[in-house]
Amino acid sequence: MLIDLHAHSSKISPCCAVSYKQALEQTLQHGMDGVALTNHYQKSYIPSGRMDEFIEDYIAEFYAAEQCGKEIGCKVYFGIEVTAERYPRVHMLIYGVAPDFLRQHPYVFDYTQKQLYELVKANDGVLIQAHPFRNGTTVLDTDYMDGVEINCHPLYGKSFSKELLEIAQSKDLIVTCGGDYHADTYRPKCGMYIPATVKDYKDLRTYLLSPERKRLCIQEPNTDSCNIIEIE
């Protein structure tokens with residue numbers, strides 16, 4: 001299965017212009033088999049005094065998307081994209097935690113990188129830095145992350161795949177791939193090939209951390225081709 005590991009829906013991520021149903025339909029139309037729904041979790045998106053309500057909506061959005069995916073044949077995994085208040089323009093992707101993770105840890109956007117990493121690991125999760133080098137960001141401390149993302153969002157010129165693969169190899173990091181699609185551009189075809197035996201967020205964590213060779217599909221911005229690379 002080709003899974004885009006970075007996707008959004010408009011109800012939770014207002015910067016996205018499509019609903020989860022539209023997002024999933026477009027995923028299938030463009031040759032992918034599913035997504036990790038990694039909606040934004042950032043302080044500025046949470047209405048004042050309504051954090052509990054926002055978290056419940058966040059979780060409900062995933063379950064609604066998952067059910068829709070079952071109906072139309074699109075796999076949906078749970079994920080989170082945290083905007084870190086302490087690190088301008090830096091986003092961190094969390095995989096492998098249960099959907100109720102945010103109920104127990106609602107202030108993760110205020111954590112240091114080290115605190116967030118330790119919390120994610122204590123909850124059997126995986127922490128990936130989203131789209132490094134975008135908008136001038138750099139790779140954070142590699143001691144406190146599991147990996148880096150190659151991102152194919154067309155608005156940002158390039159995926160930085162060469163640079164990130166070199167860093168990942170030298171630091172023994174996971175490399176993921178996602179489109180970060182917001183319906184403000186064409187829909188890129190990209191992601192990681194994941195076995196059909198990976199059924200849920202727990203299986204996804206196990207697969208990402210496994211020593212198995214990984215295969216990525218990378219569509220460089222504003223090109224028509226998808227480059228397939230294998231990572232040991």
In terms of solvent-accessible area of protein heavy atoms at a 1.4 angstrom probe, what is the ranking of Glu85, Glu66, Glu61, Glu71, highest value first?
Glu71, Glu85, Glu66, Glu61
Surface accessible to a 1.4 Å probe, Arg187 within the full protein complex, Å²
20
Summing +1 per Lys or Arg and -1 per Asp or Glu among the other residues with Cβ less than 9 Å from Thr83's Cβ gives 0
Listed residues Tyr95, Tyr186, Tyr58; largest mean-square fluctuation, Gaussian network over the chain with Cα springs below 10 Å, found at Tyr186
How big, on average over all directions, is the shadow cast by the Cα convex hull of the chain, in nm²?
11.1
Glu230 accessible area, assembled protein chains, probe 1.4 Å, Å²
110
Give the percent of DSSP beta bridges with both residues in the chain that are antiparallel, rounded to the nearest 5.
50
With the crude spin-label approximation of a point 7 Å out along Cα→Cβ, what separation in nm comes out for Ala122 versus Gln42?
2.6
For region 187-231, what relative contact order do you get, as a whole percent, if you take Cα pairs closer than 8 Å and at least 6 residues apart?
40
Could you please report the charge total around Ser13, scoring K, R as +1 and D, E as -1 over all other residues with beta-carbon less than 11 angstrom from its beta-carbon?
-2
Please check: in the Gaussian network model of the chain (C-alpha springs, under 10 Å), which one of Gly69, Gly179, Gly79 has the largest mean-square fluctuation.
Gly69
Ordering Lys214, Lys70 by accessible area with a probe of 1.4 Å, largest first, what comes out?
Lys70, Lys214
With all protein chains modelled, accessible area of Ser48 [1.4 Å, Å²]
120
Label-point separation, Ala17 to Asp143 (7 Å along Cα→Cβ), nm
4.4
Looking only at Cα atoms, what is the convex hull volume of region 1-86 per residue, in Å³?
87
May I have the convex hull volume per residue, in Å³, for the Cα set of region 56-171?
126
Which whole-number percent gives the relative contact order of the chain, counting Cα pairs below 8 Å spaced six or more residues apart?
21
Pick out the long, greasy-scoring helices in the chain: whole DSSP H runs spanning 30 Å or more along their own axis by Cα, mean Kyte-Doolittle at least -1.0.
51-72
Portion, in percent, of the accessible area of the chain that falls on carbon or sulfur, probe 1.4 Å:
47
Projecting each Cα onto the charge dipole of region 67-159 (Lys/Arg +1, Asp/Glu -1 at the beta carbon, about the Cα centre), which of Tyr87, Pro132, Pro154 comes out farthest on the positive side?
Pro154
How big is region 138-232 along each principal axis, measuring the range of its Cα positions in Å and listing the largest first?
33, 31, 22
Toy charge model, Lys and Arg Cβ at +1, Asp and Glu Cβ at -1: the chain dipole around Cα centroid in debye, rounded to 20, equals 200
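Helix-only estimate, please: 222 nm mean residue ellipticity of the chain, summing -39500 (n - 2.57) across DSSP H runs of length 4 or more and dividing by its residues, to the nearest 500.
-8500 deg cm²/dmol
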Using Cα pairs closer than 8 Å and at least 6 residues apart in sequence, work out the relative contact order for region 1-114, in percent.
25
Accessible area per residue of the chain at 1.4 Å probe, in Å²?
44
Excluding Phe133 itself, what net charge comes from residues whose Cβ is under 13 Å from its Cβ, given Lys and Arg +1 and Asp and Glu -1?
+1
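The values are calculated or read from the model by the stated rules, or taken from the named source; none is laboratory data. From a predicted model like this one, the values you see are computed outputs, not experimental measurements. Cβ coordinates were reconstructed from backbone atoms using ideal geometry, including for glycine residues, and neighbour counts include every protein chain displayed. These accessible areas exclude ligands, DNA and RNA; they are computed on the full protein's heavy atoms, side chains included. Shrake-Rupley method; radii C 1.70, N 1.55, O 1.52, S 1.80 Å.
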